[in-house]
Amino acid sequence: MPSTLSNILGWSYVTSWCLSFYPQLIVNYKRKRVDGVSIDFLYLNVLGFLCLTIYNLAFLYSDTVKEEYKARHNGNDSTVQFNDALFAMHAFTLSVVGVIQSLVYPRSKSQQSVSITSGTTIWVVVDGFFVLSLFVYLGWWSLELIDLLYFLSGVKLYVTVCKYVPQMLHNYRRKSTVGFSIFNILFDFVGGFLSLLQLIVDSVGSGDLTGIIGNPIKLSLSLVTLVFDIIFMVQHYYLYRGNDHVEYDEENTHTHPHRRHSHTEENRAFL
């Protein structure tokens, strides 16, 4: 029974999280603009899901990682499932599509490039990965391959927070969520809840509650996702509801104070 329930929850959360990527891509395509989405959000998404993909595939298919995990968790297997890896690969692919859209479609001048903070984060992560890989290869500080994967899981969690904060601030500065699909958030919220529920069911079913914290990336991502999705829903449905007029070019508002474009019909389509 726990196994069946786990499979249902697993594929349900994967379906919901996979679907969460399409509304925003469709909105960008229809509007032929990406000004409703933070550029940092798009690029950090790629980095985060690349880390998650490597993490999940290694836990599923690396015998070395499996043995190292068992040695640290009383001989128990990890709670990483095939659906986790499938979601990560799908998410990485669509995140790349989002970045391509940002290069093709116009955006406001304030969004022309990734912020210094996000750019630095990307370079630090890449450099850190290669340095730790070298340490693991040389056996320094008793580091094992699983430690490198836990580093990637930490990066994914950090990147998740970093990508949500710029989008939250982007909505706040514009006092609007026009161009930012709420369906993305609704699917994301359902997926986060089901992912957390599957993790709990798997751990209870195996009789090892440490399995919950033994898969820190899944636990942390679920919790962080739920918190930020609630914030986005409050912004969309309460704080900025009805704010259908947004400056296309925020930096030109001082020279064209009345230059606004109506998105009323577009905004209604995202409710």
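The values are calculated or read from the model by the stated rules, or taken from the named source; none is laboratory data. Given the structure is predicted, the values throughout are model-derived calculations rather than measurements. Cβ atoms come from the backbone with ideal geometry, glycine included; neighbour counts cover every protein chain shown. Accessible surface is based on the protein model in full, side chains and every heavy atom, while ligands, DNA and RNA are left aside. Shrake-Rupley method; radii C 1.70, N 1.55, O 1.52, S 1.80 Å.
Under a point-charge model restricted to the Cβ atoms of Lys and Arg (+1) and Asp and Glu (-1), what is the dipole moment magnitude of segment 57-129 relative to its Cα centre, in debye to the nearest 20?
380
Keeping all protein chains in place and using 1.4 angstrom, which order do Arg173, Arg241, Arg33, Arg72 fall into by accessible surface area, from largest down?
Final ranking, largest accessible area leading: Arg173, Arg241, Arg72, Arg33.
How much length is gained on full extension from Ser142 to Ile116, taking 0.36 nm per residue of separation minus their Cα-Cα distance?
5.9 nm
Can you pull the Rg over Rh of segment 1-124, Cα-only, Kirkwood?
1.08
Quick check: net charge around Gly10, other residues with Cβ under 10 Å of its Cβ, Lys/Arg +1 and Asp/Glu -1?
Around Gly10, the charge tally is -2.
Just to make sure I understand: if all protein chains stay in place, what is the order of Ile54, Ile182 by accessible area at 1.4 Å, largest first?
Highest to lowest solvent-accessible surface, that is Ile54, Ile182.
Nothing charged except the Cβ atoms of Lys and Arg (+1) and of Asp and Glu (-1): what's the magnitude of the dipole of segment 139-199 about its Cα centre? Round to the nearest 20 debye.
500
Summarise the long-distance tail of P(r) for segment 29-100 by giving the % of C-alpha pairs beyond 17 Å.
So the portion of pairs separated by more than 17 Å is 54 percent.
Rank these residues by their accessible area, most exposed first, probe 1.4 Å: Ser203, Ser12.
Solvent-accessible surface, decreasing: Ser12, Ser203.
When Rg is the radius of gyration of the Cα atoms in segment 101-237 and Rh is its Kirkwood radius, what does Rg/Rh come to?
The Rg/Rh ratio comes out at 1.05.
Students often get this wrong: which residues of segment 15-58 have the backbone nitrogen under 20 Å from the point 7 angstrom along Cα-to-C-beta of Phe82?
It comes to 15-19, 53-58, nothing else.
Per the Cauchy relation, a quarter of the hull surface: what is the mean projected area of the convex hull of the alpha carbons in segment 20-64, in nm²?
In nm², the orientation-averaged hull projection of segment 20-64 is 3.9.
With the crude spin-label approximation of a point 7 Å out along Cα→Cβ, what separation in nm comes out for Tyr29 versus Val234?
So the two model labels end up 3.4 nm from each other.
Tell me which lysines have Cα within less than 30 Å of Lys163's Cα, excluding those fewer than 8 residues away on the same chain?
The qualifying lysines are Lys30, Lys32, Lys109, Lys175, Lys218.
According to a simple spin-label model (label point 7 Å from Cα along Cα-to-Cβ), what is the distance in nm between Leu223 and Arg173?
3.0
In nm, give the distance between the simple-model label positions of Lys70 and Asn7, each being 7 Å from the Cα along the Cα-to-Cβ direction.
2.3
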